[in-house]
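Here the structure comes first, spelled out in structure tokens, and everything after it is commentary.
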Amino acid sequence: AQKVTQAQTEISVVEKEDVTLDCVYETRDTTYYLFWYKQPPSGELVFLIRRNSFDEQNEISGRYSWNFQKSTSSFNFTITASQVVDSAVYFCALRPGANSKLTFGKGITLSVRP
Amino acid sequence: DGGITQSPKYLFRKEGQNVTLSCEQNLNHDAMYWYRQDPGQGLRLIYYSQIVNDFQKGDIAEGYSVSREKKESFPLTVTSAQKNPTAFYLCASSIAGLGSTDTQYFGPGTRLTVL
């Protein structure tokens, strides 16, 4: 069975602080894909990143960075110098193998205060 | 602009009524999906379709029905058999279906409230 755990439910920071959103996953497949989505107050899920299980290189995109560690089954997301526009719910998701459905975590609500 | 549209944004329904949520995409994607989101919960898959005129049940299909007569359209009907239909419904699409690893892209959602 597949499982995604986002243990943090709500995080509140002040603008310009760095914040890390944790994601821990479980799967028995050796090939799998991990995703992060952002859901702003408008409701639409916005795709942020996809990572496959064979690529453990960290990724940076502007103020966003992702740390993938197979040894701890984690795929954490860090926002550097947070901004009010980063306020949203963030979902981590797992797709094990090539013939499986997306399994979502319960999401983390991030509030960035001015 | 290419994308996924859902209508209406807000929908109110009386108990015992069926209601249909619209989802249209102009991305030329083969696969389309319907998810349900409840407060504090992740997304749960209701139905998905990998090709026109074909669809499969997801994890919570009871009380819902779908059709896929056109590649760009995947409407979801919430029937009176759905015991707790009040939720946020999200439609998604991807280039290919579950047999691929393509990224799913989402529409803006429809918030359904049963009065």
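The values are calculated or read from the model by the stated rules, or taken from the named source; none is laboratory data. Just so you know, these numbers come straight off a predicted model, no measurement behind them. Note that we place each Cβ from the backbone using ideal geometry, even for glycine, and neighbour counts take in every protein chain shown. Heads up: the accessible areas ignore ligands, DNA and RNA and are worked out on the full protein's heavy atoms, side chains in. Shrake-Rupley method; radii C 1.70, N 1.55, O 1.52, S 1.80 Å.
For the range B:2-16, a residue qualifies if it is more than 16 Å from B:Ala87 (Cβ to Cβ), surrounded by 10 or more Cβ atoms within 10 Å (Cβ to Cβ) and more than 14 Å from the chain's Cα centre (by Cα), and exactly one does: B:Gly3.
Could you list, in sequence order, the residues of the range B:38-85 that are in a loop (DSSP other than H, G, I, E, B), among the aliphatic types (A, V, I, L, M) and under 22 Å from A:Phe91 (Cβ atoms)? Please lay out each step first, then the result.
To start, the set of residues in the range B:38-85 that are in a loop (DSSP other than H, G, I, E, B) comprises B:38-42, B:52-53, B:58-63, B:67-69, B:71-72, B:74-75, B:79-85.
Keeping just the survivors that are among the aliphatic types (A, V, I, L, M) gives B:52, B:60-61, B:81.
Scanning the range B:38-85 gives B:Ile60, B:Ala61.
Restricting the range B:58-89 to residues that are farther than 21 Å from B:Gly109 by Cβ and surrounded by 13 or more Cβ atoms within 10 Å (Cβ to Cβ) leaves a set whose member that is modelled with the highest pLDDT is B:Lys71.
Considering only residues that are over 16 Å from A:Gln8 (Cβ atoms) and either under 14 Å from the mean Cα position of the chain (by Cα) or of a type in the set (A, V, I, L, M) (or both), look in the range A:67-79 and name the one that is nearest to the other protein chains (Cβ to nearest Cβ). Top of the filtered list is A:Phe68.
Here the strands (runs of 3 or more DSSP E) wholly within the range A:1-108 that include at least 1 residues being polar (S, T, N, Q) are A:3-5, A:10-14, A:19-21, A:32-39, A:46-52, A:59-61, A:64-69, A:74-79.
Here the range B:1-18 is the region considered, the condition is being among the small types (Gly, Ala, Ser) and over 13 Å from B:Tyr105 (Cβ atoms), and the residue that is modelled with the highest pLDDT is B:Ser7. Among the residues making up the range B:69-100, those that are touching a Ser or Thr at 6+ places or on another chain (Cβ under 8 Å) and more than 23 Å from A:Phe47 (Cβ to Cβ) are B:Pro75, B:Thr77, B:Val78, B:Thr79, B:Thr86.
Note on the range A:1-45: among residues that are over 13 Å from A:Asp86 (Cα atoms) and open to solvent by 80 Å² or more (accessible area, probe 1.4 Å), the one that is modelled with the lowest pLDDT is A:Ala1. Among the residues of the range A:50-92, those that are hydrophobic (A, V, I, L, M, F, W, C) and open to solvent by less than 30 Å² (accessible area, probe 1.4 Å) comprise A:Trp66, A:Phe68, A:Phe75, A:Phe77, A:Ile79, A:Ala88, A:Phe91, A:Cys92.
Go through the range B:45-57 residue by residue and tally those that are surrounded by fewer than 17 Cβ atoms within 10 Å (Cβ to Cβ) and either within 24 Å of B:Gly16 (Cβ to Cβ) or in contact (Cβ under 8 Å) with a residue 12 or more places away in the chain (or both).
Going residue by residue through the range B:45-57, those that are surrounded by fewer than 17 Cβ atoms within 10 Å (Cβ to Cβ) are B:51-54, B:56-57.
Right, trim to either within 24 Å of B:Gly16 (Cβ to Cβ) or in contact (Cβ under 8 Å) with a residue 12 or more places away in the chain (or both) and you get B:51-54, B:57.
Residues meeting the conditions: 5.
Of the residues in the range A:93-114, not one is more than 14 Å from every other protein chain (Cβ to nearest Cβ), surrounded by fewer than 19 Cβ atoms within 10 Å (Cβ to Cβ) and without any contact (Cβ under 8 Å) to a residue 40 or more places away in the chain.
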